[in-house]
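Below is one structure, written out as structure tokens; the observations come after it.
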Amino acid sequence: MGFWKSLFIGSESASPVQANSGDAVLAEVTGQDGSGRIVFSTDREIDLYELEELCSAVGWARRPVRKVQKAIQHSFVVVTMWEEKGARRRLVGFSRATSDHAFNATIWDVVVHPDFQGQGLGKALMKQLIKKLRSEDISNVTLFADPQVVEFYRGLGFMPDPEGIKGMFWYPD
């Protein structure tokens, strides 16, 4: 746990190493069964069934794969998190954001596999996503959070609308 903590305190010192185009190696992790590493990627080539398994692992309802594919294609930024052990690469985190490509972005679908929660990796995934949005000069980042994860996002600097405006939603009957 101390190893992960060191990555997030002064995260600039843990400079990523380039792997493949779109990939950034944040850290190497040594497990009991060998060595591995966590890789963050902005490459959108994702096995949609592997993503569905990840979402299912955290208890999310199934969504039609064709709609998930369309959502990913129309996203402004997609950041994935992979565990690499030898030749094996496993999707363990996913996040995406939509945007007007000028001022605003909204973060959607942040998910970290339960085996990787509580280690600071969700925070690292969010930092990678926000870093990518800021590199695109997006200054207003919003998200919708379920009550059980509000404190997680507060810890990353998100706050309820400071002007007290309530979001409004429209749903079909």
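We did not get these values from a lab; they are worked out from the coordinates using the rules stated. It should be emphasised that the depicted structure is a prediction, and the values quoted were computed from it without experimental measurement. All Cβ positions, even for glycine, are placed from backbone atoms using ideal geometry, and neighbour counts span all protein chains on display.
For this structure, a couple of remarks:
- Each peptide in 137-150, 42-55 gets a packing score, the mean of other Cβ atoms within 10 Å over its residues, and the list from highest to lowest is 42-55, 137-150.
- Taking amide H as placed 1.01 Å from N in the peptide plane, Trp108 has its amide H under 5 Å from the amide H of Arg96, Ala97, Thr98, each at least 5 places away in sequence or on another chain.
- From phi via Karplus (6.51, -1.76, 1.60), per-residue ³J(HN,Hα) for the stretch 40-56 in Hz, x at Gly/Pro: 9, 9, 10, 6, 8, 6, 10, 6, 5, 6, 5, 5, 4, 5, 4, 5, 5
- Of the GluC sites (Glu not before Pro) found in the stretch 95-173, those in coil by DSSP whose Cβ has at most 16 other Cβ atoms within 10 Å are Glu136, Glu163.
- Derived scalar couplings between HN and Hα for the stretch 126-143 equal 5, 4, 5, 5, 5, 4, 5, 4, 5, 5, 9, 6, 7, 10, 10, 10, 10, 7 Hz in order, rounded to whole Hz, by the Karplus curve 6.51 cos²θ - 1.76 cosθ + 1.60 (θ = phi - 60°), x for Gly and Pro.
- Of all beta bridges that DSSP places with both ends in the stretch 81-173, some 75 percent have antiparallel geometry.
- Estimated vicinal HN-Hα couplings, Hz - the stretch 149-159 in sequence order (Karplus 6.51, -1.76, 1.60; Gly, Pro = x): 10, 4, 5, 4, 6, 4, x, 9, x, 7, 9
- Amide H contacts of Gly36 (H built 1.01 Å from N, under 5 Å, at least 5 apart or other chain): Val29, Thr30, Gly31
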